[in-house]
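The block underneath contains the structure these notes are about, expressed in structure tokens.
The values are calculated or read from the model by the stated rules, or taken from the named source; none is laboratory data. Everything quoted here is computed from the prediction, not taken from an experiment. All Cβ positions, even for glycine, are placed from backbone atoms using ideal geometry, and neighbour counts span all protein chains on display. Surface accessibility is based on the protein's heavy atoms, side chains included, excluding ligands, DNA and RNA. Shrake-Rupley method; radii C 1.70, N 1.55, O 1.52, S 1.80 Å.
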Amino acid sequence: MVGAVGAAVYMVPQLDEPAVARPPPTGSLDVDLSPLQAGQQIMVFWRSWPIFVVHRTAQAVTMLRNPDLLGQLADPDSEQLQQPPYAKNRQRSVKAEFAVLVGICTHMGCTPQFYPQPHPSEPAADWLGGYLCPCHGSKYDLAGRVFKDFPAPYNLPVPPHRFVGDKIIRIGENPPGVAFDFNTILQI
């Protein structure tokens with residue numbers, strides 16, 4: 001008798017849960033972006049890789065279109081296959097204010113460090129904001145685009161991702177109607 005009552009109590013909360021509260025499909029990861037403030041980054045792990053999720057400021061989004069920045073990038077228009085088709089844009093993301101990047105340098109596999117604020121000398125001269133690899137000095141902007149004349153050959157990869165709610169992102173799953181195989185990128 002007690003077992004039957006316990007089972008009924010256990011089932012009721014599951015019936016009332018919204019769809020975003022259910023576990024994500026196997027091979028994907030849901031991330032709640034609501035605690036992430038503009039200018040902040042969190043790191044999560046998908047397929048054992050570090051994934052950088054950045055809430056870019058309006059200033060940072062504007063900088064991604066800056067001609068001075070674009071002239072310094074090796075692949076400013078993301079022509080090399082390092083992202084899904086829905087992220088082949090200047091911000092390399094579904095929503096301009098959120099970046100989702102595999103946090104592995106495309107040179108030797110180190111984890112780039114996050115320096116979001118422009119600065120005249122730190123961590124490098126004329127810093128525009130982005131990532132600096134501590135191993136060999138490769139630089140990436142806040143969209144993960146690599147700078148020219150540095151060891152890294154490609155932009156940071158963008159994993160498949162989609163929004164399943166206003167502030168919930170699912171990493172490892174494409175938006176409906178899009179087929180993108182992450183295994184086809186050039187390098188990770």
Rounded tilt (10° steps) of 2-16 against the dominant C-alpha axis of the chain
40 degrees
Residue-averaged 222 nm ellipticity for the chain, from DSSP H runs of 4+ at -39500 (n - 2.57), nearest 500
-3500 deg cm²/dmol
Taking the Cα-to-Cβ direction at ASN89 and at ARG47 and moving 7 Å from each Cα, how far apart do the two end points lie in nm?
2.3 nm
Could you grab the relative contact order for the chain? Cα pairs under 8 Å, six or more apart, rounded to a whole percent.
23 percent
Which log10 I(q)/I(0) values does the range 54-99 give at q = 0.15, 0.18, 0.19, 0.24 Å⁻¹ under the Debye formula, counting every alpha carbon as one identical point scatterer?
-0.37, -0.53, -0.59, -0.90
In the P(r) worked out for the chain, what percent of Cα pairs fall beyond 24 Å?
40 percent
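Going by the alpha-carbon gyration tensor, a ≥ b ≥ c the square roots of its eigenvalues, is the range 104-173 rounded (a/c under 1.5) or, if a/c is not under 1.5, prolate (a/b greater than b/c) versus oblate? Can you show the working numbers first?
Values: a/c = 2.79, a/b = 1.61, b/c = 1.73.
Verdict is oblate for the range 104-173.
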For LYS148, counting only aspartates and glutamates whose alpha-carbon sits under 18 Å away and dropping same-chain residues fewer than eight positions off, the answer is ASP68, ASP75, ASP77, GLU79, ASP126
I'd like the carbon and sulfur percentage of the solvent accessible area for the chain, probe radius 1.4 Å, heavy atoms only, ligands and nucleic acids excluded.
58 percent
Rounded to whole Å², per residue accessible area for the range 96-157 with a 1.4 Å probe reads 39 Å²
A chain fully extended from SER121 to GLU97 at 0.36 nm per residue, minus the present Cα-Cα distance, gains in nm 6.1 nm
Evaluated over the range 67-137, the Cα radius of gyration and Dmax, each in Å:
12.8, 35
Cut-off under 24 Å on the C-alpha distance; same-chain residues fewer than 8 positions from LYS95 excluded. Which lysines are left, in chain and number order?
LYS139, LYS167
